[in-house]
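Just below is one structure, and these are the notes that go with it.
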Amino acid sequence: MLSQCHSFVLQGIDAIGCEVEVDVVADAMPKTTIVGLPDAAVKESIERVRAAVTNTGYPFPMARLLVSLAPGDVRKEGPVYDLPIAVGVLLAEHVIAGEKHKRLMFAGELALDGRVRPVSGVINLALLCKKLGLDGVVVPLDNAHEAAAVDGIDVYPADTLASVVSFLNGQHEIEPVAPIDVDEQLTTAMPGADFADIRGQEATKRAMTVAAAGGHNIAMIGPAGTGKTMAARALPGILPPLSREEALEVTRIYSAVGQVPKGQSLITQRPVRTPHHTASPAAIIGGGTVPRPGEVSLAHHGVLFLDEVPEFPRPVLETLRQPLEDGDVTIARAHSSIRFPAQFMLVVAMNPTPKGDKPADAFGQREMDRYLAKLSGPLIDRIDIHVEVPKVPYQQLTGQRSASTSADLRQQVLAARDRQSHRNGGPLKRNGLLTGRELDTHAALDDAGKDVLKQAMTELGLSARAYDKVRRLARTIADLDASEPVRLPHVAEAISYRLLDRDR
C-alpha cells in the first residue's frame, strides 16, 4: 500500500517542498529503508516513529517498509520528518482515512510516547505552504505561533500524534491558531539601552546618529571604560523599526537555526550579534557540511558588533569584506551553493593599545601603530565612520543625564531616512548603499566641497573607496540637517570621520 503526504526541506533559509512517500509491502521480509539523501537523524526517525505509533496504540506494519523523501537529490537533515512519516505509515495501514491530509503540510519531531516536539524552520514551511496554495500546516504546539505570523493559511498546533490522527479522521477538530498581528508586534517592540544613560560622549552620539541615519558602518577607538560597548548596545534603539518584510526575513533566518525564542512568533527588534574574538571564520560567515547561516546573517537588518576588533584573527576579519560589499554570503559546496542574506551595520570597538590606554610617549605610539595595523586597509576602507571615544571627565560622570535621549535621536534618524526614501527610490535604498553613479546624482558637491575633499584626498591619501564613503556620509549629514544640497560643512564633518586614514 502506497501513501503520500507533504513536508519540506530547508536549503539555507529557503524551503522547498518534500513529498514523503511510504510503501508497505506485506508479503515481504520485514525491513525498513529510507531513501532521499537522509542524514543520521532522519535515518533514526523510523525508530522514533515506530515507538510513537505503537505507544499511542496504533499498529505498526511488520512488513517491508520503504520511505522516500523526494526530491532525492537534496540532502535531508533533522527530526522534522518524524510526524509526516508517521502520518504516511498510518495512511498506508488505513488507520487514517479520507483525503484531508492532501491539502496540508506536516512537520514535527516525535517523542517515544507520541508527543510532538518543536523543530526548526517552521515559518519557512508556512511561507512555502502559502506559496503552493495549500490550506494549512500541522506543526508542533511550541512552533504554532511562529507559523501564525504568515497570513492566508491555517496553522494547526499538534501536541500528540493521537490528536493529529483524530483530526485527520474528522473525529475532533484542532482549532487553528489565531493570526498574529505583525504590525502591532512591531510597533510595540521596545528598545534596550538608552543613549541618555551614557554620560558625555556627545561626539560619539552624533557619529552614531549619522551611522544610523544612513546605515553606515562605524568604528569607535578609545581607552577602556569610555562607553563604547554601551553605545553599540544603544544603537538599535535609534534605528527605524523593522518593516513587516524585514521582520519575516530575519525570523526566517533565526527559525532555520532554531533560535526563535519559545512562544514568540516573530523577531520584532533589529538583531544585535556580538561574537567573541575566538569565533572561527565559519561561525562568522556561515558554513558546515550542510551550510548554516553565520553571525553576519544572524545580524541581517541589524547590527554586528565586534568588541576589541584587533583581537579577532586576521582571516576572520577578512571574511567580512564580501558581505560588507555585497550584502549577502555565498557558501559553496561540491553539490550546491547556498546564499544567505547578510545586510548589516558593522560596529567595531577597539582600544588604542593592547593595554587599553592611550599612548603617552613615542614607544606607546609605536605600540598603538602595531596594534591598529592588525586591521587591513581594505577593511578600514569599508568602515565609513571612525570616531574617537575619549575618557569622560569626572564632572560629566557625576552630572545629570545627557539631554540626548534615544527617542530624540531616533526622530532625527527617521526624518533623515524618510528623505532618503523619497529621493533614493525606497526605504531599503539607504545612503550607505548608494553607488558612485548614484552619488554623482544625489550627492553632488559644490565647488567649496570639492576643494576641501580634494585637499583631504591628497593629504590623507584616501582611496577611491574612501572617496565614495566621504560623499555618502556627507549626503547623510545633509539629510540630518534637512538640506537637499550637500554643502561644505557636511563634507568637512564627513572627512573628520576618516580618523584611521590619518594613521596609515
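A few remarks follow.
- In the stretch 67-100, of all residues being outside any helix (DSSP H, G or I) and closer than 12 Å to N169 by Cβ, the one that is least open to solvent (accessible area, probe 1.4 Å) corresponds to I96.
Okay, residues lined up against (1) touching a strand residue (DSSP E or B) at 6+ places or on another chain (Cβ under 6 Å); (2) closer than 13 Å to D194 by Cα:
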{"residue": "H216", "(1), (2)": "yes, no"}
{"residue": "A224", "(1), (2)": "no, no"}
{"residue": "M230", "(1), (2)": "no, yes"}
{"residue": "P240", "(1), (2)": "no, no"}
{"residue": "E249", "(1), (2)": "no, no"}
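- Residues located in the stretch 462-484, provided they are open to solvent by less than 60 Å² (accessible area, probe 1.4 Å) and of a type outside the set (A, V, I, L, M, F, W, C): S463, D468, K469, R471, R472, R475, T476, D479, S483
- Just one residue in the set D27, D23 is of a type in the set (D, E, K, R), in a strand (DSSP E or B) and either open to solvent by less than 10 Å² (accessible area, probe 1.4 Å) or over 22 Å from L112 (Cβ atoms) (or both); that residue is D23.
- Among the candidates I338, I383, I331, residue that is among the aliphatic types (A, V, I, L, M), at pLDDT 75 or above, open to solvent by less than 70 Å² (accessible area, probe 1.4 Å) and under 18 Å from D501 (Cβ atoms): I383
- Within the stretch 258-281, if we keep just the residues that are hydroxyl-bearing (S, T, Y) and under 20 Å from P179 (Cα atoms), the residue that is surrounded by the most Cβ atoms within 10 Å (Cβ to Cβ) turns out to be S265.
- Criterion violated by M350 - all others in (1) farther than 19 Å from E246 by Cβ; (2) open to solvent by 10 Å² or more (accessible area, probe 1.4 Å) satisfied: (2)
- Selected residue (only one of F60, F8 is farther than 19 Å from L90 by Cα and either modelled with pLDDT under 95 or part of a strand (DSSP E or B) (or both)): F8
- Close contacts from the stretch 35-58, counting a first residue that is closer than 12 Å to G114 by Cβ and a second that is among the basic types (K, R), with Cβ to Cβ under 9 Å and a gap of 6+ residues or different chains, come to A52/R115.
- Flag if T405 is at pLDDT below 85 and touching a helix residue (DSSP H, G or I) at 6+ places or on another chain (Cβ under 7 Å): yes
- Any hit, the stretch 422-444, residues being part of a loop (DSSP other than H, G, I, E, B), in contact (Cβ under 8 Å) with a residue 60 or more places away in the chain and at negative phi: yes
- Taking the stretch 101-123 as the range and being surrounded by 18 or more Cβ atoms within 10 Å (Cβ to Cβ) and either under 24 Å from the mean Cα position of the chain (by Cα) or part of a loop (DSSP other than H, G, I, E, B) (or both) as the test, the residues that pass are A107, G108, G114, P118, V119, S120, G121, V122, I123.
- In this structure, M62 qualifies as farther than 16 Å from L161 by Cβ, of a type in the set (A, V, I, L, M, F, W, C) and out of contact with any helix residue (DSSP H, G or I) (no Cβ under 8 Å at 6 or more places or on another chain).
- Test: residue in the stretch 292-309 that is under 30 Å from P157 (Cβ atoms), assigned to a loop (DSSP other than H, G, I, E, B) and open to solvent by 40 Å² or more (accessible area, probe 1.4 Å): no
The values are calculated or read from the model by the stated rules, or taken from the named source; none is laboratory data. The model shown is predicted, which means the values in this text are computed figures rather than measured ones. FYI the Cβ positions are ideal-geometry reconstructions off the backbone, even for glycines, and counts take in every protein chain you see. The protein model used for the area step is the full one, side chains on, heavy atoms only, and it has no ligands, DNA or RNA in it. Shrake-Rupley method; radii C 1.70, N 1.55, O 1.52, S 1.80 Å.
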